[in-house]
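A short write-up of the structure that comes next.
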Amino acid sequence: MDLGLSEEQEMLKTSARDFLQKECPKQLVRQLDDSEEGHSPDLWRKMAEQGWMGLVFPEEYGGSGGSFLDLAVLLDEMGYNILPGPFFSAVILGGLPIALTGSEEQKMEFLPRLADGTTLLTLALTEPTAGYDAASVRTEATARNGEYVINGTKLFVPNANVADYLICVARTGKGDQAESSLTLLIIDARSPGVRITPLKTIARDRQCEVVFDNVVVSEKNILGRPNEAWPIVEEVLQKATVAKCAEMVGGAQAVLDMTVNYARERIQFDRPIGSFQAIQHYCADMASDVIGSRFLTYKAAWKTSEGLPAAADVAMAKAWTGEAYERVTLLGHQILGAIGFTMDHDMHLYYRRAKAGQTIFGDADFQRGIVARGQGL
Amino acid sequence: MDFRFSEGEEAFRQQVRQWLKQEIPQRWVELDPGIWEETEESWAIARQFHRKLGEKGWLAPAYPKEYGGLELSHMKRLILAEELAYNRAPVGVEVEITVNWVTPAILLFGTERQKKEYATRIARGDTIFCIGYSEPDAGSDLASVKTRAVEDGDDYVINGQKIWCSYAHLADYCWLAVRTDPDAPKHKGISVFIVDMKTPGITVRPLINILNHHSFNEVFFDDVRVPKENLVGQKNNGWYQVAIALDFERSSIGWAATNQRIIEELADYARETTRNGQPLAKDPLVRNQLAQLAVENEVARMMAYRIAWMYSKGLHPGYESSMSMVFVSELSRRTASIGMRILGHYGELDRGSKWAVLNARLARMSLSALSIGVGGGSNEIQRNIIAVRGLGLPRK
Ligand SMILES: Cc1cc2nc3c(=O)[nH]c(=O)nc-3n(C[C@H](O)[C@H](O)[C@H](O)COP(=O)(O)OP(=O)(O)OC[C@H]3O[C@@H](n4cnc5c(N)ncnc54)[C@H](O)[C@@H]3O)c2cc1C
């Protein structure tokens, strides 16, 4: 058993932290939060130079062949520094399906350009039911002379507003089971009939509505095998769920650090508030939540990385981390007092993300449903 | 990173399981005593079992070989502790006290004679200690003990009162913290003695615990003469020795394993029980609650694994142990509470009731779990430790 990171991972962690502190100060985070795109091409280019977008993709596709665990370490730091922008959607939601199921041609076409920062992708999965189940996918892709015509509405498509390509999960048949007639299609986001509208969210993450109105794509744009998309989607969702946990762990750690520092320095009644037991005990509970999240998340990430069955571990990690991150930020706010209730202080940036992170890919109740099945219930 | 145990460790787990399957006496399983529920009969079984464990070297596997141990790795000890607790072996807090708290301190501070005499016998399962720290006016503030030891010829003469001494009526020796210098600052005048419980002048008076069992006691010392050679370590250095002893390997894995077992039993119960015309396991609320317990217990287990892993790396966890204890103690209470709710009206039935389910373990646990998080350093004290030692928050 080894519960620590490797030397290389520690180095990746440190260099990521240094890079983000320098290149993505909170000022930029706020600027991007308030901007239309929520994306900085300049920062993106620098991240590409770091090799981050290609971290988990094989070398022959312009990546560096890192492990999923390496990616978790990087996301942990991105969460610590609340990196805004399309990294998560491009690499995990867009890149992974292509790496998992793409043809040689598709991999050669998309992955190197994703890795070098020239192409952005995202996954168009959820629809107005907002559920992550196959039955919720109603968007239809109808075959017509070697082409497909796509009609339907996707909701909560992250960063679609800046994406070059959308990987759309669409219904291509009338199988007796909801899972058995879904297909992945790569769609140029500028195709006629694609309408993308960013939604306003409290987390300022760029969730979008994407309407496909008679959008025509070639059948060559099918990713993987027709009607067999669902297992791939499930695998991507499972990976994305751990990845989101890694981000949240980083965020929770940042909130703990920020809060403990404040509690050491803020003087009331002639002493640091961190010397009051009420505050100390809040901090102790925050630390416990952060550690618990860290271990559950890294266990799930490690299993994923090793290719071991991880469904129950991933669900446990998300069930715990989503709620723990919220608890940690709530206590953080409490300890800050009024200063935490301002736009000026950074705490709300984390709190907003904690709230968004909690629901994405299924909230704690949803995850506990998966855990319960694992318990034989 | 690697969250797996090695092949050798997995094989060891199987070996332990196999052995426990054969060796846990049927009568013990029938009695099914929970923590703090010893009876004369259960105690006799437990003492016999300690010796069996001792023969395997599994009672005190950490000790150096010359004092009867196996020098077993931290990971294997973790596995052993996990299996003992999960399989409800006849091993209670008396072993924790004797083997994990007292003896390591003897090995660290004791004379060669003390190590040979006590550690070896403890490792065999022949000797049980109780701990005499708390007094009526010295609970969390342990450094204010008042019980006095005064030098007199070759002896110390001890006078005073201890309280909450678990197993004082059953133990062979007491690991006793007393004041040897009343004029020094309170942390600097304490010494630790090994006291034979049969020494004249010792009176043990039962206190009946919340489970209606006799597990702890008041202990009175009236001119109790203890040979000087029973002083452990340096005179007046006792506070430090006690602090070290309280800090010995405390991963709390046993509690996590105990919870694991009962959560699994609750899941079985939910599958097998029909309520409102459908299996309880179909009730979304029940599913949600049982899943949450499983998730929380995974956190508890990882916190405990972390402690063992840190030791295996040569690190010395401090506040990490406190975190593990706080978490698992509060989780034990939640487990009992949620478990009882899932059982509905049956939840309140006590052991011996005709209709009791799961042997009334949850009802008993709802009582016994109140002690975890108080004894051995309350959760408030543990949170102080996490905040001050772990997070560097100021004391004042
Ligand atoms: C089942 C059981 C078995 C035990 N066995 C033994 C034994 O074998 N030998 C032995 O010596 N003792 C034993 N004890 C006693 C145990 O060590 C004490 O209960 C413990 O140290 C707490 O002391 P107290 O009960 O006097 O509570 P107190 O110290 O009076 O505490 C009461 C409350 O005040 C809080 N408090 C106290 N100080 C602080 C502080 N600084 N900051 C915040 N909150 C504080 C506590 O957390 C608690 O909530 C046992 C106790 C139990 C329950």
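Per-structure values
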| read-out | value |
| --- | --- |
| Boolean, B:Asn276 is free of Cβ contacts under 8 Å to residues at least 12 places away in the same chain and within 16 Å of the ligand (Cβ to nearest atom) | no |
| Only one of B:Met340, B:Met323 that is open to solvent by less than 30 Å² (accessible area, probe 1.4 Å), at pLDDT 95 or above and of a type outside the set (Val, Ile, Thr) | B:Met323 |
| Odd one out for A:Thr197, checked against (1) in the same structural domain as A:Ala178 (by TED's automatic domain parsing); (2) touching a strand residue (DSSP E or B) at 6+ places or on another chain (Cβ under 7 Å); (3) surrounded by 17 or more Cβ atoms within 10 Å (Cβ to Cβ) | (3) |
| Residue list for the range A:236-270, restricted to those being more than 10 Å from chain B (Cβ to nearest Cβ), farther than 16 Å from A:Ala319 by Cα and of a type in the set (A, V, I, L, M, F, W, C) | A:Val236, A:Ala254, A:Val255, A:Met258, A:Ile267, A:Phe269 |
| Criterion violated by A:Ala141 - all others in (1) crowded, with 23+ Cβ neighbours inside 10 Å; (2) touching a helix residue (DSSP H, G or I) at 6+ places or on another chain (Cβ under 8 Å) satisfied | (2) |
| Test for B:Gly318: is it within 16 Å of the ligand (Cβ to nearest atom) and open to solvent by less than 40 Å² (accessible area, probe 1.4 Å) | no |
| Residue match in the range A:36-51 (condition: closer than 19 Å to A:Ala301 by Cβ, buried (at least 21 other Cβ atoms within 10 Å of the Cβ) and outside the structural domain of A:His345 (by TED's automatic domain parsing)) | no |
| Residue that is nearest to the chain's Cα centre (by Cα), among those in the range B:156-202 that are polar (S, T, N, Q) and open to solvent by 10 Å² or more (accessible area, probe 1.4 Å) | B:Ser166 |
| Qualifying residue in the range B:293-310 (condition: in contact with a strand residue (DSSP E or B) (Cβ under 6 Å, 6 or more places away or on another chain) and at pLDDT 95 or above) | no |
| Residues (assigned to a loop (DSSP other than H, G, I, E, B), in contact (Cβ under 8 Å) with a residue 60 or more places away in the chain and either open to solvent by less than 10 Å² (accessible area, probe 1.4 Å) or of a type in the set (Val, Ile, Thr) (or both)) located in the range B:93-149 | B:Thr111, B:Gly125, B:Ile128, B:Thr147 |
| Neighbours by Cβ (under 9 Å, 6+ apart or cross-chain): first from the range B:346-367, within 23 Å of B:Ser215 (Cα to Cα) and touching a residue at least 60 places away in the same chain (Cβ under 8 Å); second in a helix (DSSP H, G or I) and open to solvent by 70 Å² or more (accessible area, probe 1.4 Å) | B:Met365/B:Arg333 |
| Condition check for B:His169: closer than 17 Å to B:Glu38 by Cα, of a type outside the set (D, E, K, R) and either out of contact with any Phe, Trp or Tyr (no Cβ under 8 Å at 6 or more places or on another chain) or more than 10 Å from the ligand (Cβ to nearest atom) (or both) | yes |
| Residue tally, condition within 16 Å of the ligand (Cβ to nearest atom) and either of a type in the set (Ser, Thr, Tyr) or in a loop (DSSP other than H, G, I, E, B) (or both), over the range B:338-390 | 10 |
| Count of residues meeting criterion [away from chain A (no Cβ under 13 Å) and open to solvent by 50 Å² or more (accessible area, probe 1.4 Å)] in the range B:2-29 | 10 |
| B:Val102 being closer than 17 Å to B:Tyr173 by Cα and in contact with a strand residue (DSSP E or B) (Cβ under 8 Å, 6 or more places away or on another chain) | yes |
| Test: B:Gly69 is in contact with a Phe, Trp or Tyr (Cβ under 6 Å, 6 or more places away or on another chain) and among the small types (Gly, Ala, Ser) | yes |
| Whichever residue in the range B:344-354 is open to solvent by less than 100 Å² (accessible area, probe 1.4 Å) and within 28 Å of the chain's Cα centre (by Cα) and, among such residues, is nearest to B:Asp268 (Cα to Cα) | B:Gly347 |
| Qualifying strands (runs of 3 or more DSSP E) (wholly inside the range B:170-248; at least 1 residues being within 30 Å of B:Leu315 (Cβ to Cβ)) | B:173-179, B:190-196 |
| Every pair of residues 6+ apart whose Cβ atoms lie under 8 Å, when the first sits in the range A:219-238 and is farther than 15 Å from A:Lys107 by Cβ while the second is among the small types (Gly, Ala, Ser) and not in a helix (DSSP H, G or I) | A:Glu219/A:Ala143; A:Glu219/A:Gly146; A:Asn227/A:Gly173; A:Asn227/A:Gly175; A:Gln238/A:Ala310 |
| Hey, A:Arg190 within 14 Å of another protein chain (Cβ to nearest Cβ), basic (Lys, Arg) and not in a strand (DSSP E or B) or not | no |
| When residues of the range B:357-396 are limited to those that are facing chain A (nearest Cβ under 10 Å) and among the hydrophobic types (A, V, I, L, M, F, W, C), the one surrounded by the fewest Cβ atoms within 10 Å (Cβ to Cβ) | B:Val388 |
| The range A:285-301 - residue that is in contact (Cβ under 8 Å) with a residue 60 or more places away in the chain and surrounded by 24 or more Cβ atoms within 10 Å (Cβ to Cβ) and, of those, nearest to the other protein chains (Cβ to nearest Cβ) | A:Tyr298 |
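Residue by residue, here is whether (1) under 21 Å from A:Gln358 (Cβ atoms); (2) within 9 Å of chain B (Cβ to nearest Cβ); (3) modelled with pLDDT of 95 or more holds:
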| position | (1), (2), (3) |
| --- | --- |
| A:Pro272 | no, yes, yes |
| A:Gln280 | no, yes, yes |
| A:Cys283 | no, yes, yes |
| A:Lys303 | no, yes, yes |
| A:Ala312 | yes, yes, yes |
| A:Lys318 | yes, no, yes |
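For (1) within 16 Å of the ligand (Cβ to nearest atom); (2) away from every other protein chain (no Cβ under 14 Å); (3) at pLDDT 95 or above, each residue gets a yes or a no:
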site: B:Glu82; (1), (2), (3): no, no, yes
site: B:Arg88; (1), (2), (3): no, yes, yes
site: B:Val102; (1), (2), (3): yes, yes, no
site: B:Leu107; (1), (2), (3): no, yes, no
site: B:Gln114; (1), (2), (3): no, yes, yes
site: B:Tyr118; (1), (2), (3): no, yes, yes
site: B:Gly125; (1), (2), (3): no, yes, yes
site: B:Ile131; (1), (2), (3): yes, yes, yes
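The values are calculated or read from the model by the stated rules, or taken from the named source; none is laboratory data. None of the values given here were measured: they were computed from a predicted structure. Cβ: placed from backbone, ideal geometry, glycine included. Neighbour counts: every protein chain shown. Surface areas here come from the heavy atoms of the whole protein model, side chains and all, with no ligands, DNA or RNA. Shrake-Rupley method; radii C 1.70, N 1.55, O 1.52, S 1.80 Å.
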